[in-house]
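Student: Before we start, here is the structure in question, set down as structure tokens.
None of the figures in this text is laboratory data; all of them are computed from the coordinates on show. On a predicted model such as this, the values are computed, not experimentally measured, just so you know. As a convention, Cβ positions derive from the backbone with ideal geometry for all residues, glycine included, and neighbour counts pool all protein chains shown.
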Amino acid sequence: MSAMLAALAARDAAWLGGCGPDGDIVLATRARLARNLSDFPFPHRAEAAALATISIDLSRRLQRLPELAGGFAVEIAECEPRSRQLLREKLLAGDDLLANPDHRALVAGPDLALVALINGEDHLRLCAWQSGFAPLEALAAVMQLDDRMGTAFEPAFSQEQGYLTASPGNVGTGLRLSAVLHLPGLVMADEIDKVLNALRQLEFGVRGLAGEGRTVRGALFRIGNLTTLGRDEAEIAADFAAHVGKVIVHERAAREMLLVRDRRGLEDLAWRGRAALANARLMTTQETWDCLSHARLGAGLELVPNPSWGVFNRLLVRHQGAHLELAAGRRLDGRERSAARSDLLREFFAAV
């Protein structure tokens, strides 16, 4: 593994710090813009020579931007499978970029709050992450990055439709806003399906934290807009803030209702989760998702000590397989991963 990837593996993204608005419920907010070059076919139709030209040129230009200078530049094809999994675990890249690595690249700022993905589904995707629920701040950050890249190439653009993208769902502004929410109250109150169905009717997508089609773990949901055509960026952000804001309100109400209905049961759930995190010697992935969720819920209701939302957030990333193996410097079998995971968790929780 290269020195850059080793440094990236050890780096926690700034947005995991947990200091943003509604940080007890919302881990982070992301704004993403899809852009394509007017003179080249979309990546899935472009030849290798064209993809190579795009990757080299955009990567160089991106690394010269002040916001990304001194950060990380990764050629996906040079990453072995475990390093690609690391990028997925850090939520830096999705399957569309990692599945076909040739002439694909990633450029990220030093604190991993700004990320550019090259030759995934589109020629360029610019991403800005913010801690907590901060859609307007995330939008402002990604728009500034887009403005800086505006003179670097002629975008594929139509006066009637807006920015042209490989997926029809991104045509228009090319803007997708998403937030990662912890919703155990709605899950335990059997209200989650009603809330998520209402969001889908309003043209919001809902999935698990790990990505499309992934199982929802630890009551963590990723909610994002599906409509980018016919509205400008400010309208999309305002709609997103209003509707996801309602989900936050419903989650708080569900937690309070559960607290009134069965405080002792919630205390038991939270303390059991907290005790396992601080004392277990073998922890599976699923046990960790569950225990972190229960302890986080208890901390939010002030039933158990709170080490900080940043600790919970960082552990959600660090406890996964690629992080554990890269920290150990070798491949780990299932039992060894469970042992390494429990060691990591105890390090963070035993002293709290």
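Student: Between beta-carbons, use under 13 Å as the cut-off and find the net charge around ALA134, counting Lys and Arg +1, Asp and Glu -1.
Tutor: Spelling it out: positives minus negatives among the neighbours equals -1.
Student: Apply the membrane-span-like helix rule to the chain: whole DSSP H runs, Cα extent along the own long axis of at least 15 Å, mean Kyte-Doolittle hydropathy at least 0.0. List the helices found.
Tutor: TM-like helix candidates: 48-63, 135-149, 233-261.
Student: Let me ask you something else. Please report the relative contact order for the chain, taking Cα pairs under 8 Å with a sequence separation of at least 6, and give it as a percent rounded to a whole number.
Tutor: After rounding, I find 19 percent.
Student: Of CYS127, CYS79, how do they rank once you tally other Cβ atoms within 10 Å and put the fewest first?
Tutor: CYS79, CYS127
Student: What do you get for trypsin sites (Lys or Arg not before Pro) in region 268-352 restricted to DSSP loop and a cutoff of at most 14 other Cβ within 10 Å of the site's Cβ?
Tutor: Those satisfying the criteria are ARG281, ARG330, ARG331.
Student: What FRET efficiency, computed as 1/(1 + (r/R0)^6) with R0 = 56 Å and r the Cβ-Cβ distance, is obtained for ASP190 and ALA69, rounded to the nearest 0.05?
Tutor: According to the calculation, E is roughly 0.70.
Student: Quickly estimate the mean residue ellipticity at 222 nm for the chain, helices only: each DSSP H run with n ≥ 4 gives -39500 (n - 2.57), and the total goes over all residues, rounded to 500.
Tutor: Using -39500 (n - 2.57) per qualifying helix, the result is -14500 deg cm²/dmol.
Student: Return the FRET efficiency for the residue pair ALA198, SER38: r is the Cβ-Cβ distance, R0 is 41 Å, and the value is rounded to the nearest 0.05.
Tutor: 0.60
Student: Just want the ordering: THR29, THR227, from fewest to most Cβ atoms lying within 10 Å of their own Cβ.
Tutor: Ascending Cβ contact count within 10 Å gives the list THR227, THR29.
Student: So, one more: What value in Å³ per residue do you get for the convex hull of the alpha-carbon atoms in the chain?
Tutor: Dividing the Cα hull volume of the chain by its residue count gives 126 Å³.
Student: Still on this structure, please answer the following. Order these by the 10 Å Cβ neighbour count, fewest first: LEU136, LEU177.
Tutor: Ordered by Cβ neighbours within 10 Å, fewest first: LEU136, LEU177.
Student: Working from the alpha-carbon coordinates of region 262-349, get Rg over Rh, Rh being the Kirkwood radius.
Tutor: 1.00
Student: Subtracting the Cα-Cα distance from 0.36 nm times the residue separation, let me have the gained length for ALA152 to ALA275 in nm, one decimal.
Tutor: 39.0 nm
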